[in-house]
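What follows is a short report on a single structure.
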Amino acid sequence: MTTYVHLFDGADGIADWFAGSALQPFLELLSDDERCDFLARYREGLRDAYPTQPDGKALLAYPRLFIVAIRG
Amino acid sequence: MEQDLAPAPKKRLTAFGRKARQKRIFARLREGWAYDEIAREERLTAARVRMIVSEVLQKREVDDSSAHALLQLSRLAPAVQLAASLAPGGVLATQMPSTARESSHALMRMVAAEGPWSSRLLPVAKTGRLSVSSKTITAGCVQSRRGPRSG
């Protein structure tokens, strides 16, 4: 397991990144209005969890699991 | 999904209730839930969930550790399928995000569960992890042939 740290322009940058990936299964079940509301709540939570650094950036820890299988 | 919800807390379960709970717990394990997540849903301690799993495995009169290993392996089915497609001596290298415990993802589940959309999104919040991981395993495999992945 390796944890990569990604650099974003604040918590909103993190929200935008996930909006195109992990949030998709949620967002596709919502109407346009609900989607905006959902993302607003998500951004707000992210701001608490990923505080902005003095330079305006936010750091996101992103663990990846590496697996190697060898067939005998 | 409705019939999978935990019964009211602090109520002494009947034999039927206990059986239903065992079934839910094993279904969750196969979906890839962690013991503490199952415990929260069932309003039990993680230690109690472990005990229930262990008791069920023992009653089936099979070797505890091998049955448990089989259960864990069933969670890796997509990866095992890929490995089985290798030629003898072949190597499969893959990676997958392991983000379920990160605040970013906990927060998604929380917003999904707490908003006016909770009835629609809760099933996704609870099963999303497994379907996402099996897709990611496949994607990672294809990527590993083409070079590193950016994000």
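The table below gives the values:
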{"read-out": "Qualifying residue in region A:49-57 (condition: at the interface with chain B (Cβ under 7 Å from one of its Cβ atoms), surrounded by 13 or more Cβ atoms within 10 Å (Cβ to Cβ) and either of a type outside the set (Ser, Thr, Tyr) or on the phi > 0 side of the Ramachandran plot (or both))", "value": "yes"}
{"read-out": "Helices (runs of 4 or more DSSP H) contained in region B:26-109 and holding at least 2 residues more than 14 Å from every other protein chain (Cβ to nearest Cβ), modelled with pLDDT of 90 or more and over 18 Å from the mean Cα position of the chain (by Cα)", "value": "none"}
{"read-out": "Enumeration of residues in region B:110-125 that are facing chain A (nearest Cβ under 7 Å) and among the charged types (D, E, K, R)", "value": "B:ARG120"}
{"read-out": "Unique match (being within 9 Å of chain B (Cβ to nearest Cβ), crowded, with 17+ Cβ neighbours inside 10 Å, touching a helix residue (DSSP H, G or I) at 6+ places or on another chain (Cβ under 6 Å) and in a strand (DSSP E or B)) among A:LEU60, A:LEU46", "value": "A:LEU60"}
{"read-out": "Leading residue by the ranking (nearest to the other protein chains (Cβ to nearest Cβ)) among those in region A:28-40 that are surrounded by fewer than 17 Cβ atoms within 10 Å (Cβ to Cβ) and part of a helix (DSSP H, G or I)", "value": "A:ASP37"}
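The values are calculated or read from the model by the stated rules, or taken from the named source; none is laboratory data. Values in this document were obtained by computation on a predicted structure and should not be read as measured data. For neighbour counting, all protein chains shown are included, and Cβ atoms are generated from backbone atoms with ideal geometry for every residue, glycine included.
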